Amino acid sequence: MAAKDESKNSQKKSGNGNDDLVLLNSENLQNNMKIIFYSRTFLSIIAGVIAGILGLTGLMGFILYFFIMAISSLGLAAKAKFSVLNYFDSCNRIILDGLFGGLMSFVLFWTFAYDIVHIF
Amino acid sequence: MAEDLVLDTAIRDWVLVPLSIVMVLIGVLRYFVSKLMRSHKAPDQKIVKEGQVVIRARNLKAAANFIPAKSFKSRKTYFTNEENGLLHIPPGQAPNPQAQMFSDPNMATDMMKKNLSMIIPQTLTFAWVNFFFSGFVAAKIPFPLTQRFRSMLQNGIDLSTVDVSYVSSRSWYFLNLFGLRGLFSLILGEENATDDTQRMMQMGGGFGMDSSKSLGAEKDSLDIIQHDWVLPKFEQRAEAVLRKLMK
């Protein structure tokens, strides 16, 4: 989690705070999206290792994955002080972006850790 | 759990772990090799010029609302007017990109180099895995799968009675190939060489693109842009911020 917090420190304020009119700097928006991507990838690998070490099988592992992703969404929202639209062009950026891209990494590391710890 | 296979720990120590480590290291090596091989050829002046014009037009489009209507209009005319606007290309002068590509052998070699740097390590690793590790049951996927996945996951084991969730070493290689992409993007940074599909797409776009066409597209999108000056609202906001500071 430490790396995630650290990576998000570079998140920049890009909205202007007006309720009626929000402008986004596209460079900052891209930077924010990159940070989401990194934190998601990192977390999906960590989640895979956790699931593998705990020995979760079947549906439980995927539930853990989506649970951790939900927590990370919540963390990102908290980092944006719950005014997501000041940082991103839509709420889906925080909730859905990178959700399925990390799945492959998750499965790989889940299998890897599970095999090393439990199978042999 | 009675039907579980018992796997030798030696398989873990000598197949599973080394295979994964080698995959990671080869990915890193490939990244640096492709970085070394990237050639810096001096680009054509005309192409650079057109590219800069497109970028300027794009900047104008992005920042259109930050300048007054009059300034925007004059800039728009500068770019799009039909006689000597920067984005206006007289018909019949557009160069043929296909011919240009064939006349420039550098481009083809460059493309081939890029492709080779992707294909050669993959072929070599695959041959290596095949040679050393063929036929091992190397891992077990922790979730059940249907029979359809048998050919995918048990590539190299010709037994139909083994549970589908057991993975052969050759298939573990493929799993690594796809799953490590996320790890590479973490350790190698943004533009890592392993993101083949995206690069292919960019390359295809870059080659097929006619520069005059992109100029035309930029011109059209400048033409239809709706100008709406936002700065008057900013004054109130700045005032509010300053007042807050004064307190």
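The values are calculated or read from the model by the stated rules, or taken from the named source; none is laboratory data. Because the structure is predicted, anything quoted here is derived from the model rather than measured. A quick note on method: Cβ atoms are made from the backbone with ideal geometry, for glycine too, and the neighbour counts reach across all protein chains shown. In case anyone asks, the SASA skips ligands and DNA or RNA and just uses the protein heavy atoms, side chains included. Shrake-Rupley method; radii C 1.70, N 1.55, O 1.52, S 1.80 Å.
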Query raised in the report: For region B:140-150, how many residues meet the condition of being farther than 15 Å from B:Leu16 by Cβ and surrounded by 13 or more Cβ atoms within 10 Å (Cβ to Cβ)?
Result: 4
Report summary line: A:Asn86: passes all of (1) more than 16 Å from the chain's Cα centre (by Cα); (2) more than 9 Å from chain B (Cβ to nearest Cβ); (3) under 26 Å from B:Ile187 (Cβ atoms) but (3)
Query raised in the report: Do the conditions hold for B:Tyr78, that is, is it open to solvent by 100 Å² or more (accessible area, probe 1.4 Å), out of contact with any Asp or Glu (no Cβ under 7 Å at 6 or more places or on another chain) and away from chain A (no Cβ under 14 Å)?
Result: yes
Query raised in the report: Restricting the search to region A:89-120, which residues are among the polar types (S, T, N, Q) and within 10 Å of another protein chain (Cβ to nearest Cβ)?
Result: A:Ser105, A:Thr111
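Each row is one residue, and each column tells you yes or no for (1) in a helix (DSSP H, G or I); (2) buried (at least 17 other Cβ atoms within 10 Å of the Cβ); (3) more than 14 Å from chain A (Cβ to nearest Cβ); (4) under 24 Å from the mean Cα position of the chain (by Cα).
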residue: B:Leu7; (1), (2), (3), (4): no, yes, no, no
residue: B:Ser20; (1), (2), (3), (4): yes, yes, no, yes
residue: B:Met23; (1), (2), (3), (4): yes, yes, no, yes
residue: B:Gly27; (1), (2), (3), (4): yes, yes, no, yes
residue: B:Val53; (1), (2), (3), (4): yes, yes, yes, no
residue: B:Phe72; (1), (2), (3), (4): yes, yes, yes, no
Query raised in the report: When both residues are 6+ apart or on different chains and their Cβ atoms are under 8 Å apart, which pairs have a first residue that lies in region A:34-56 and is surrounded by fewer than 18 Cβ atoms within 10 Å (Cβ to Cβ), and a second that is among the aliphatic types (A, V, I, L, M) and modelled with pLDDT under 90?
Result: A:Ile53/A:Val117; A:Gly55/A:Val117
**Report entry** Selected residue (criterion: nearest to the chain's Cα centre (by Cα)) from residues of region B:151-182 that are at the interface with chain A (Cβ under 8 Å from one of its Cβ atoms) and open to solvent by 40 Å² or more (accessible area, probe 1.4 Å)
**Finding:** B:Arg181
Report task. List the helices (runs of 4 or more DSSP H) that sit entirely inside region B:184-247 and contain at least 3 residues that are at pLDDT below 80 and away from chain A (no Cβ under 14 Å). Result -> B:196-208, B:211-223
Report task. Tell me, yes or no, whether region A:28-36 has at least one residue that is at the interface with chain B (Cβ under 10 Å from one of its Cβ atoms) and not polar (S, T, N, Q). Result -> yes
Query raised in the report: A:Leu59: modelled with pLDDT of 75 or more, open to solvent by 60 Å² or more (accessible area, probe 1.4 Å) and under 11 Å from the mean Cα position of the chain (by Cα), yes or no?
Result: no
